[in-house]
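Undergrad: Mind looking over this structure? Questions follow.
The values are calculated or read from the model by the stated rules, or taken from the named source; none is laboratory data. Since we're looking at a predicted model, the values are computed, not measured. Quick reminder, even Gly has a Cβ in these numbers, built from the backbone with ideal geometry, and neighbours come from all protein chains shown.
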Amino acid sequence: MTTSSSAFARSVLDAAGHAVVGLDDQLELVLIGLLARGHVLVEDVPGTGKTSAVRAIAAVTGLPFGRLQCTPDLLPTEVTGVNVYDQASGEFRFRPGPVFRSLLLVDEINRATPRTQAALLEAMAERQVTVDGQSHLLGDEFTVIATQNPVEQAGTFPLPEAQMDRFLLRVSFGYPSREAHLDILRGRRGTEPLDHLTPVVQAMDALPGLWDEVGAVHVDTSIEDYVLDLVEGLRDHDEIAVGPSVRAVLMLEQAARAAAAVAGRDHVLPDDVKRLAQPLLAHRLVLHEDAGVHGRDPQTLVADVLASTRVPVQLER
């Protein structure tokens, strides 16, 4: 197979790295989400580069970019769009909302009310929105990258399980290393690195071929069994009330294909599944109440099941 997915990812990471320092692994996960045709939730405290990272990816890929700043008074029509009466023609015309962008940054998604959050459900699941009974299609490349702060909960509305399940991956940026901190300080003396980013790839043209390439990545039956063993282990866990959905099984395999393609391989390895298990499965789990009392969390339980599940031995193709 060709290495176009790998070349695409490397070009984007190298270019974005001039403005976003020390986040290569996290940015690669975002690109895996894009190549797997999934949405990404970036969860971290303020000031860790969440918004800058998304802006950088949009800038170097050339994808039409939109930003939606969520607040408690944000209305659903301010997300999807609204029909407006045109006095000249005597007809209602649809005025598209910010979802009609290829790459949509939904900043602080948990500050929007449940009603407004729900306006994104149809868009994320079906890549279309319905306004006044009429459906409006979004592009196949439509991708949501949402952010939220897991610490400050005042004035926020927790995302329901159905909304969380729409996100392919949940990624945490964390604080950069000391060396990355120094690079950030030195790179911002008198300039804003984001202002100098230009497209290095034309993602709108490249994505259909990249999706075909990802779909052609081979998944051995042993890998399929491994994915199912992990999911069933979580569903049967005594501390988990609701385990991964069927959508999660499909997404885990698709994301593993994308990870393999980014690595320049035509087949999935167990390490692809292991790498994606935490960011793809943990946010879909609902724990029993007593699990939290004992200090257990979804990430710990996924790690436990990973450690106890037999890893298949797969020969290189």
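Undergrad: Only one of Ala255, Ala241 is touching a strand residue (DSSP E or B) at 6+ places or on another chain (Cβ under 9 Å), under 20 Å from Asp165 (Cα atoms) and not in a helix (DSSP H, G or I); which?
TA: Ala241
Undergrad: I'd like to know if the stretch 246-264 contains one or more residues that are farther than 25 Å from Gly139 by Cβ and of a type in the set (Asp, Glu).
TA: So far as the stretch 246-264 goes, no, none of its residues is farther than 25 Å from Gly139 by Cβ and of a type in the set (Asp, Glu).
Undergrad: Report yes if some residue within the stretch 136-152 is over 23 Å from Val42 (Cβ atoms) and at pLDDT 90 or above; otherwise report no.
TA: yes
Undergrad: Failed condition for His196, given (1) closer than 28 Å to Ala282 by Cβ; (2) over 17 Å from the mean Cα position of the chain (by Cα); (3) not assigned by TED's automatic domain parsing to the domain that holds Gln299, with all others met?
TA: (1)
Undergrad: Out of the stretch 36-58, which residues are small (Gly, Ala, Ser) and in contact with a strand residue (DSSP E or B) (Cβ under 8 Å, 6 or more places away or on another chain)?
TA: Ala36, Gly38, Ala53, Ala58
Undergrad: Within the stretch 284-304, which residues are out of contact with any Asp or Glu (no Cβ under 8 Å at 6 or more places or on another chain) and buried (at least 20 other Cβ atoms within 10 Å of the Cβ)?
TA: Leu285, Pro298, Val302
Undergrad: Quick one: is Val201 touching a strand residue (DSSP E or B) at 6+ places or on another chain (Cβ under 8 Å) and in contact (Cβ under 8 Å) with a residue 40 or more places away in the chain?
TA: no
Undergrad: Can you tell me which condition Tyr85 does not meet? The list is (1) touching a Phe, Trp or Tyr at 6+ places or on another chain (Cβ under 9 Å); (2) in contact (Cβ under 8 Å) with a residue 12 or more places away in the chain; (3) farther than 21 Å from Trp211 by Cα; (4) of a type in the set (Phe, Trp, Tyr), and all the others hold.
TA: Here Tyr85 clears every test but (2).
Undergrad: Kindly indicate the residue of the stretch 199-229 that is among the charged types (D, E, K, R) and under 29 Å from Ala303 (Cα atoms) and also surrounded by the fewest Cβ atoms within 10 Å (Cβ to Cβ) among those meeting that condition.
TA: Asp225
Undergrad: In the stretch 51-65, is there at least one residue being in a strand (DSSP E or B) and over 23 Å from Asp272 (Cα atoms)?
TA: Checked the stretch 51-65: at least one residue is in a strand (DSSP E or B) and over 23 Å from Asp272 (Cα atoms).
Undergrad: Next question. Restricting attention to the stretch 32-50, report how many residues are part of a helix (DSSP H, G or I) and either out of contact with any His (no Cβ under 8 Å at 6 or more places or on another chain) or surrounded by fewer than 19 Cβ atoms within 10 Å (Cβ to Cβ) (or both).
TA: So the count comes out to 4.
Undergrad: Has the stretch 283-300 got at least one residue that is of a type outside the set (A, V, I, L, M, F, W, C), at positive phi, at pLDDT below 95 and not assigned by TED's automatic domain parsing to the domain that holds Val30?
TA: Within the stretch 283-300, one or more residues are of a type outside the set (A, V, I, L, M, F, W, C), at positive phi, at pLDDT below 95 and not assigned by TED's automatic domain parsing to the domain that holds Val30.
Undergrad: Additional query: I'd like the full set of residues that are in contact (Cβ under 8 Å) with a residue 40 or more places away in the chain and exposed (fewer than 13 other Cβ atoms within 10 Å of the Cβ), limited to the stretch 143-159.
TA: Matches in the stretch 143-159: Pro150, Val151, Gly155, Pro158.
Undergrad: Please state which one of Leu74, Leu104, Leu68 is outside any helix (DSSP H, G or I), crowded, with 22+ Cβ neighbours inside 10 Å, touching a Ser or Thr at 6+ places or on another chain (Cβ under 8 Å) and in contact (Cβ under 8 Å) with a residue 24 or more places away in the chain.
TA: Just a single option satisfies the conditions, and that option is Leu104.
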